Amino acid sequence: MPHRTSLITGGASGIGRATALRLAAAGDTIIVADLNADGGTETVRRIEAAGGTARFEHLDVADETSVTALTTKAGPIRNLINCAGILQNANRVEDMDLAEHDRVWAVNYRGTYLCCRAWGGIIAEAGGGSIVNIGSIAGKRMFPVPAYSPSKMAIHGLTEELAADLGPRGVRVNAVAPGFVLTEALQARIDAGERDTSIMESQTPLGRLMRPEDIAEGVHFLCSDAAAMITGIVLPIDGGWLAGVTYYSYAGLKKN
Ligand SMILES: NC(=O)c1ccc[n+]([C@@H]2O[C@H](COP(=O)([O-])OP(=O)(O)OC[C@H]3O[C@@H](n4cnc5c(N)ncnc54)[C@H](O)[C@@H]3O)[C@@H](O)[C@H]2O)c1
């Protein structure tokens with residue numbers, strides 16, 4: 001197994017933690033970069049308990065100074081996985097608090113942009129590698145989350161742009177678009193009555209919510225040599241939701 005380092009933003013929880021554990025199991029040295037030191041340390045503990053190598057670094061993806069400081073501290077890396085992000089509840093455009101709007105864009109889009117910009121060249125100089133951004137089905141179809149959905153659409157666009165930009169320097173850039181993933185963040189919203197799992201499941205052909213591990217498998221594939229000629233794609237990992245949501249909306253056909 002060749003030595004390689006993967007840096008995972010948002011690795012303290014949810015999809016980021018599952019991705020950190022999956023890449024560690026494949027032999028990568030992991031840098032867990034997050035605002036949340038307790039969660040990040042717990043991810044490191046779990047990786048080490050499984051025999052892997054990891055360390056935690058503080059990072060605020062929305063803060064350029066914090067991103068720049070970590071590029072120096074982290075050293076060369078092969079893979080960057082941009083999992084840091086914040087969810088949002090349903091709202092109308094005219095009712096949405098502008099401070100929340102700006103924060104969603106600052107973390108989800110600008111945070112991804114800052115990290116890709118900071119580490120793209122570092123990955124190229126270290127011999128090439130891979131960036132995987134976490135988009136969403138909400139970046140493929142519009143949801144009533146007026147900053148979140150557009151920010152994920154922009155991440156999908158940025159992924160294509162960077163694939164063309166960095167491909168000649170040996171850096172592949174892809175995204176995954178998760179469906180509804182049962183992470184701590186989503187569970188908290190289900191518990192608060194802000195999400196209805198029966199609707200999510202009934203619109204998903206494969207009939208269940210995603211687990212963080214389902215998304216981590218896709219990220220692992222995109223970072224692996226098996227994906228050596230794949231760049232610029234947005235891979236849905238949604239149990240078929242993108243196909244099902246329009247199919248099931250057509251009246252007159254009952255789902256089994
Ligand atoms: N859960 C879902 O259903 C779902 C679906 C599609 C896409 N996503 C996306 O997956 C990503 C991870 O979501 P999750 O469900 O695992 O959420 P989560 O809350 O479990 O994990 C997000 C992590 O990002 C960290 N974070 C937040 N702001 C940060 C910042 N400014 N700097 C550094 N770290 C920061 C948090 O501390 C947390 O550890 C997000 O981009 C989210 O939009 C989630």
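Taken together, the values in this text are just the output of simple stated rules run on the coordinates, not laboratory data. Because the structure is a prediction, the values reported are computed rather than measured. Positions of Cβ are backbone-derived with ideal geometry, glycine not excepted, and every protein chain shown enters the neighbour counts.
So here's what we get for this one:
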item: Long-range HN-HN contacts of Thr53 with modeled amide H, under 5 Å; result: Ile30
item: Ordering of 237-246, 182-191, 212-221 by burial proxy (mean other Cβ atoms within 10 Å per residue, highest first); result: 212-221, 237-246, 182-191
item: In Hz, Karplus ³J(HN,Hα) per residue of the range 120-134 (6.51, -1.76, 1.60; θ = phi - 60°; x = Gly, Pro); result: x, x, 5, 5, 4, 5, 7, x, x, x, 9, 10, 10, 9, 9
item: Most fluctuating residue given options Arg78, Arg17, Arg169, as computed from a GNM of the chain linking Cα atoms under 10 Å; result: Arg169
item: For the chain, built as a Gaussian network whose Cα springs stay under 10 Å, the top-fluctuating residue of Arg141, Arg208, Arg46; result: Arg141
item: C-alpha long axis of helix 37-49 to longest principal axis of the chain, angle in °; result: 70
item: Choice from Ser13, Ser224, Ser198 showing the highest fluctuation, given a GNM over the chain with Cα pairs closer than 10 Å; result: Ser198
item: On Cα atoms only, tilt of 14-25 relative to the major axis of the chain in degrees; result: 40
item: Long-range amide H partners of Gly129 with built H, under 5 Å; result: Val171, Arg172
item: Estimated [θ] at 222 nm from DSSP helical runs (n ≥ 4, -39500 (n - 2.57)) normalised by residues in the chain, nearest 500; result: -13000 deg cm²/dmol
item: Semi-axes of the equivalent ellipsoid for the chain, Cα gyration tensor, largest first, Å; result: 29, 20, 19
item: The chain: relative contact order in percent, alpha carbon pairs under 8 Å with at least 6 residues between; result: 18
item: Under 9 Å, Cβ to Cβ, from Ser130 - net charge with Lys/Arg +1 and Asp/Glu -1; result: +2
item: HN-Hα J in Hz across the range 89-95 - Karplus 6.51, -1.76, 1.60, θ = phi - 60°, x for Gly and Pro; result: 8, 4, 7, 8, 4, 6, 9
